[in-house]
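The values are calculated or read from the model by the stated rules, or taken from the named source; none is laboratory data. None of these values were measured; they are calculated from a predicted model. Neighbour counts run over all protein chains shown; Cβ positions are idealised from the backbone, glycine included. To get the accessible areas, we keep the full protein, side chains included, count just its heavy atoms, and leave off ligands, DNA and RNA. Shrake-Rupley method; radii C 1.70, N 1.55, O 1.52, S 1.80 Å.
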Amino acid sequence: EAGVTQFPSHSVIEKGQTVTLRCDPISGHDNLYWYRRVMGKEIKFLLHFVKESKQDESGMPNNRFLAERTGGTYSTLKVQPAELEDSGVYFCASSFGGSSYEQYFGPGTRLTVT
Amino acid sequence: AQSVTQPDIHITVSEGASLELRCNYSYGATPYLFWYVQSPGQGLQLLLKYFSGDTLVQGIKGFEAEFKRSQSSFNLRKPSVHWSDAAEYFCAVGAGTGGFKTIFGAGTRLFVKA
């Protein structure tokens, strides 16, 4: 069974540019999550999708971040325009159904904004 | 507010020695508790979880953790550390509605010396 995949693994962009991160969850997982770890600090929750609907987006830092989940399958996280403080590792995770709390994490996308 | 504290930023142990990583949480209700490990270049892997029942939980790779409500702790232990255990370890609590919003500690990096 394929795990959670994320693309790209690394991205280096300049301040003011736009970047789109992609996450493909494990097939059949209705729940999809985005997390971020900035500069060696805690991993912070960003948002939670149930299928294509945003269940909880309380962790999204500001309106420069836009997450979508087309058809309840893969998800994208767009940062526009990127700022220096957006640098970090963005993790995606998925879980099955409403009764399982076991989240499976992808390897992360390392974003560097220069 | 919910929070997770891992007081040790890094720990060094000798191969074959026992290990205990500390974790304290702050959460109003019965917590869902997790330990994750991240090896270099890898995503987070779930070591073990506690939802209810027996307060001593067994996980993968020979790890165990004990939930102590009176101390708000969920320490991770392993009787004999292997060099391959060198990684970063994260304690986490499932928060929010349904426990889907995972709150992580800052992580403890484990170094294993020969």
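Things to note:
- Residue order by solvent-accessible surface for A:His10, B:His82 is A:His10, B:His82, largest first, with ligands and nucleic acids left out and a 1.4 Å probe.
- For the pair A and B, the buried accessible area comes to roughly 1700 Å² in total, with a 1.4 Å probe and the value rounded to the nearest 100.
- When Rg and the Kirkwood Rh are both derived from Cα coordinates, the Rg/Rh ratio for chain A amounts to 0.95.
- For B:Gly62, net neighbour charge (Lys/Arg +1, Asp/Glu -1) across residues whose Cβ lies under 12 Å away: +1
- Portion, in percent, of the accessible area of chain A that falls on carbon or sulfur, probe 1.4 Å: 48 percent
- For trypsin sites (Lys or Arg not before Pro), the sites in the stretch A:24-114 that DSSP calls loop and that have at most 13 other Cβ atoms within 10 Å are A:Lys41, A:Lys51.
- In terms of overall dimensions, the C-alpha atoms belonging to chain B reach 44, 28, 22 Å along their principal axes, ordered largest to smallest.
- Going by accessible surface with a 1.4 Å probe and the largest first, B:Ser52, B:Ser80, A:Ser87 read B:Ser52, B:Ser80, A:Ser87.
- Across the stretch B:69-83, rounded Karplus estimates of 3J(HN,Hα) from the backbone phi angles (6.51 cos²θ - 1.76 cosθ + 1.60, θ = phi - 60°) give 4, 5, 9, 6, 10, 8, 7, 9, 9, 8, x, 8, 7, 10, 4 Hz, Gly and Pro being marked x.
- The stretch A:28-85: mean projected area of Cα convex hull, nm²: 4.2 nm²
- Candidate lysines - alpha carbon under 20 Å from B:Lys78, same-chain residues fewer than 8 apart omitted: B:Lys49, B:Lys61, B:Lys68, B:Lys113
- The residues neighbouring A:Val79, those whose beta-carbon lies less than 12 Å from its own, together hold a net charge of +1 under the Lys/Arg +1, Asp/Glu -1 convention.
- Loop-located GluC sites (Glu not before Pro) in the stretch A:63-114 (DSSP state other than H, G, I, E, B) with a sparse environment of at most 14 neighbouring Cβ atoms within 10 Å: A:Glu83, A:Glu102.
- Candidate cross-link partners of A:Lys51 among the lysines, defined by an alpha-carbon separation under 17 Å and a same-chain spacing of 8 or more, comprise B:Lys101.
- Stokes-Einstein D for the protein assembly as shown, Kirkwood Rh over Cα pairs, 37 °C, 0.692 mPa s (µm²/s): 182 µm²/s
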